[in-house]
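Input: a single structure, listed below in structure tokens.
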Amino acid sequence: MTDAITRQTVSDVPLCTFLSGGLDSSLISSVTARRFAEEGRKLHTFSVEYRDNKKYFKAGKFQPNADDEYIEMMVKFLGTEHHRVVIDTPELVEALYTAAEARDLPGMADVDSSLLLFCKAVREFSTVALSGECADEIFGGYPWYRDPDIRQIYGFPWSQSTAYRASLLRPEYLADFSPERYVTNKYLATCSKVTEGGLSPLEKRMREMMRLNTDWFMQTLLDRKDRMSMHWGLEVRVPFCDCRIVEYMYRVPWEYKDYMGREKGLLREAAAVRGLLPEAVVRRKKSPYPKTHNPSYEAAVRERLAEELSQADCPVLQILERRETARLMYHGQQTAWYGQLMNDPQIMAYIIQINHWLRHYKVELV
């Protein structure tokens, strides 16, 4: 891991790291800061946060604590020059449109637009950045790896709402196409890549989980990171994607990935043994990419979507049922569309992105 990070620090232009205070970005920042110190340089680190998030943050299953305390701990531990990028609701909503254009597709709503704004700010200082993507897929960090009930669910473990999403479509699109059958076929085709080879049922399932994550979830996040960053000419490197690490970890038995009963337990132990992180960061429970908790965001995207749906030439209504879309807007639904990342505000923002994509690219439905 240290070698993979060190190789990625080679650059003849300014290089920085993203730092959320979580295990992955902290480890990358630690190795990089030490390399820089050997050369008499100080590492610059960057974090993203949202206006008034401290005021509205509520701990939950997927995000048990906020990042600030751990970021400050790492900055002090490493002695980096830290930069905080603060995003407010109006710019987050407006960036939904640019993010869809940067991806060339509707994407992950404000999970995309916030990264787009963050990368724009980072690019003002640096040309290259290191980021901690892919550690969760490779080392078994997501909740669906470790929850015995979730990991036995038939289908993609982070996305169990296909039937609900299909209910938003106009009936004519469902006459000759079954979204559930399509998703199931992709799921089965991915799992079939894992050969049993004398594996125990648990070990076989965990390898299936890793293939599902690396082939789908990880690809989506890597595409997101690449497109949002390169839109501004920022190159973001992901050391955890080193092929040596991916190939090795695929074969490591689950009991080691789950070392000491912790998500990414093997990585935590390695970081602790090497003294690369403060103990509190080593012990910190996984926390996802930070999102805004400000209620103004949900209100803003609901208002913006209502405004777009009211237009006579609203292209997304060629696909979606108006009544079901309105039900989603004002009553919501309990099942997240994309694991811990996309809940009601993000779903409304996603529909805004679809609408913009159809209009901007002049997509014709035939």
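Can you tell which of 145, 154 is aromatic (Phe, Trp, Tyr), modelled with pLDDT under 95 and part of a helix (DSSP H, G or I)?
After ruling out the rest, the residue left standing is 145.
Quick one: which helices (runs of 4 or more DSSP H) lie wholly within segment 241-340 and hold at least 1 residues that are in contact (Cβ under 8 Å) with a residue 40 or more places away in the chain, charged (D, E, K, R) and not assigned by TED's automatic domain parsing to the domain that holds residue 48? Before you say what the answer is, go through the steps one by one.
Numbers: elements: 243-251, 254-257, 265-273, 279-283, 295-309, 322-331.
So the answer is 295-309, 322-331.
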Does at least one position in segment 59-71 carry a residue that is of a type outside the set (S, T, N, Q), at pLDDT 95 or above and in contact with a strand residue (DSSP E or B) (Cβ under 9 Å, 6 or more places away or on another chain)? yes
Those residues of segment 215-237 which are touching a Leu at 6+ places or on another chain (Cβ under 8 Å) and assigned to a helix (DSSP H, G or I), in sequence order: 224, 225, 228, 229
Exactly one of these conditions fails for residue 229: (1) surrounded by 13 or more Cβ atoms within 10 Å (Cβ to Cβ); (2) modelled with pLDDT of 95 or more; (3) out of contact with any Cys (no Cβ under 8 Å at 6 or more places or on another chain); (4) under 26 Å from residue 103 (Cα atoms). Give me its number. (3)
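Please find, among 146, 151, 103, 123, the residue that is touching a residue at least 12 places away in the same chain (Cβ under 8 Å) and within 15 Å of the chain's Cα centre (by Cα).
Values: 146 fails: within 15 Å of the chain's Cα centre (by Cα); 151 fails: within 15 Å of the chain's Cα centre (by Cα); 123 fails: within 15 Å of the chain's Cα centre (by Cα).
None of the other options fit; the residue is 103.
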Mind counting the residues in segment 244-296 that are within 30 Å of residue 90 (Cα to Cα) and among the hydroxyl-bearing types (Ser, Thr, Tyr)? 4
Conditions: (1) farther than 23 Å from residue 284 by Cα; (2) without any contact (Cβ under 8 Å) to a residue 40 or more places away in the chain; (3) surrounded by 14 or more Cβ atoms within 10 Å (Cβ to Cβ). Residue 41 meets all but one. Number of the miss? (3)
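Of all helices (runs of 4 or more DSSP H) completely enclosed by segment 51-140, which ones contain at least 1 residues that are out of contact with any helix residue (DSSP H, G or I) (no Cβ under 8 Å at 6 or more places or on another chain) and buried (at least 17 other Cβ atoms within 10 Å of the Cβ)? Explain how you work it out, then say what you get.
Working: elements: 53-56, 68-78, 89-103, 110-123, 135-139.
Passing ranges, in order: 53-56, 68-78, 110-123.
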Could you run through segment 173-207 and say how many residues are without any contact (Cβ under 8 Å) to a residue 12 or more places away in the chain, more than 25 Å from the chain's Cα centre (by Cα) and closer than 25 Å to residue 143 by Cα? 7
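From the list 214, 220, pick out the single residue that is among the β-branched types (Val, Ile, Thr) and in contact with a helix residue (DSSP H, G or I) (Cβ under 9 Å, 6 or more places away or on another chain). Don't jump to the end; show me each part of the working.
Values: 220 fails: in contact with a helix residue (DSSP H, G or I) (Cβ under 9 Å, 6 or more places away or on another chain).
Going through 214, 220 in turn, the sole match is 214.
For residue 204, state whether it is over 30 Å from residue 98 (Cβ atoms) and not β-branched (Val, Ile, Thr). Show your work before the answer.
Working: over 30 Å from residue 98 (Cβ atoms): yes; not β-branched (Val, Ile, Thr): yes.
The answer is yes for residue 204.
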Quick check: anything in segment 4-12 in contact with a Phe, Trp or Tyr (Cβ under 8 Å, 6 or more places away or on another chain) and over 28 Å from residue 138 (Cα atoms)? no
Determine if segment 157-172 includes at least one residue that is under 22 Å from the mean Cα position of the chain (by Cα), outside any loop (DSSP other than H, G, I, E, B), more than 30 Å from residue 125 (Cα to Cα) and without any contact (Cβ under 8 Å) to a residue 60 or more places away in the chain. yes
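The values are calculated or read from the model by the stated rules, or taken from the named source; none is laboratory data. Everything numeric in this text was worked out from a predicted model, so none of it was measured. Neighbour counts are summed over all protein chains in view; Cβ atoms, including those assigned to glycine, are modelled from backbone coordinates with ideal geometry.
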